[in-house]
Amino acid sequence: MISPRAGILFDLDGTLVDTIPLILASFDHALTQVVGETRPEPVIRSWIGRRLGEVFADEYPDHARELERVYIEWNLAQAARLIRRYPGIDALVRDLNEAQARFGVVTSKRLTTAEDALRLSDLKGRIELLATMESTSQHKPDPAPLLHGAARLSTPVERCVYVGDAVVDIRAAQAAGMPSIAVTWGAGARDDLVAAGPDHVIDDVAALHAVLLG
């Protein structure tokens, strides 16, 4: 159990909000429209959690800006149709608030799309902290976003925990000196998450509730 007085930081996509179908479809649309190809789903899933512009710059440097533009345009247009809630997250957030836990979101999404995801899943206004791509100049797996989140919660890094669904989340927590919890209902394959060496691997929201609140 994590003390409710400790800081709890969550990834957003694939952890608190089921945006994975939207993200996969957005990548597929952008790649098809701009470069005339798509990539296998496991490859695209491995990109989730990183900054979008960085992914495209690494994978398609000659088309990165256009890919990002087309991705964002389509993603925003389809968000309300494709974003879903994970069962149990609403109750977890309610119970964290009732326990007066210090918690927030640290994500590589832009502020506008992160706020949309929270709004569409009925979580906006119920989470103390939202740190987004614009909050730091470095991004996961660099520890800067998590260190920023801990500072915003006024909680020592070693008394925070980061909850995420991707290997990049675990690596960022480890680089920050922060305990990590990997959840298996999002983008990452369970075997890959286990191999990354998180402090906990959690398969359902009830188990996450137990670890965070008992």
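Tabulated values for the structure
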read-out: Filter pass, E37 being loosely packed, with under 14 Cβ neighbours inside 10 Å, assigned by TED's automatic domain parsing to the domain that holds L123 and free of Cβ contacts under 8 Å to residues at least 12 places away in the same chain; value: no
read-out: Which numbered condition D116 misses (of (1) in contact with an Asp or Glu (Cβ under 7 Å, 6 or more places away or on another chain); (2) part of a helix (DSSP H, G or I)); value: (1)
read-out: Residue in the range 23-37 that is touching a strand residue (DSSP E or B) at 6+ places or on another chain (Cβ under 7 Å), within 16 Å of D13 (Cβ to Cβ) and part of a helix (DSSP H, G or I) present; value: yes
read-out: Any hit, the range 8-20, residues being part of a helix (DSSP H, G or I), in contact (Cβ under 8 Å) with a residue 24 or more places away in the chain and surrounded by 16 or more Cβ atoms within 10 Å (Cβ to Cβ); value: yes
read-out: Flag if F27 is outside the structural domain of V201 (by TED's automatic domain parsing) and under 17 Å from the mean Cα position of the chain (by Cα); value: yes
read-out: Verdict on G88 being surrounded by fewer than 16 Cβ atoms within 10 Å (Cβ to Cβ) and farther than 24 Å from I202 by Cα; value: no
read-out: Every residue from the range 152-188 that is under 16 Å from D142 (Cα atoms) and assigned to a helix (DSSP H, G or I); value: V157, V167, V168, D169, I170, R171, A172, A173, Q174, A175, A176
read-out: Within the range 145-155, considering residues that are free of Cβ contacts under 8 Å to residues at least 40 places away in the same chain and crowded, with 19+ Cβ neighbours inside 10 Å, the one farthest from L12 (Cα to Cα); value: L147
read-out: Single residue of R159, R102, R126 found to be surrounded by fewer than 16 Cβ atoms within 10 Å (Cβ to Cβ) and either in contact (Cβ under 8 Å) with a residue 24 or more places away in the chain or over 15 Å from R50 (Cβ atoms) (or both); value: R126
read-out: Single match in A173, A189 (criterion: surrounded by fewer than 24 Cβ atoms within 10 Å (Cβ to Cβ) and among the small types (G, A, S)); value: A189
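The values are calculated or read from the model by the stated rules, or taken from the named source; none is laboratory data. Just so it is clear, the model here is predicted, and its values are computed rather than measured. Heads up, the Cβs are rebuilt from the backbone with ideal geometry, glycines too, and the neighbour counts pull from every protein chain shown.
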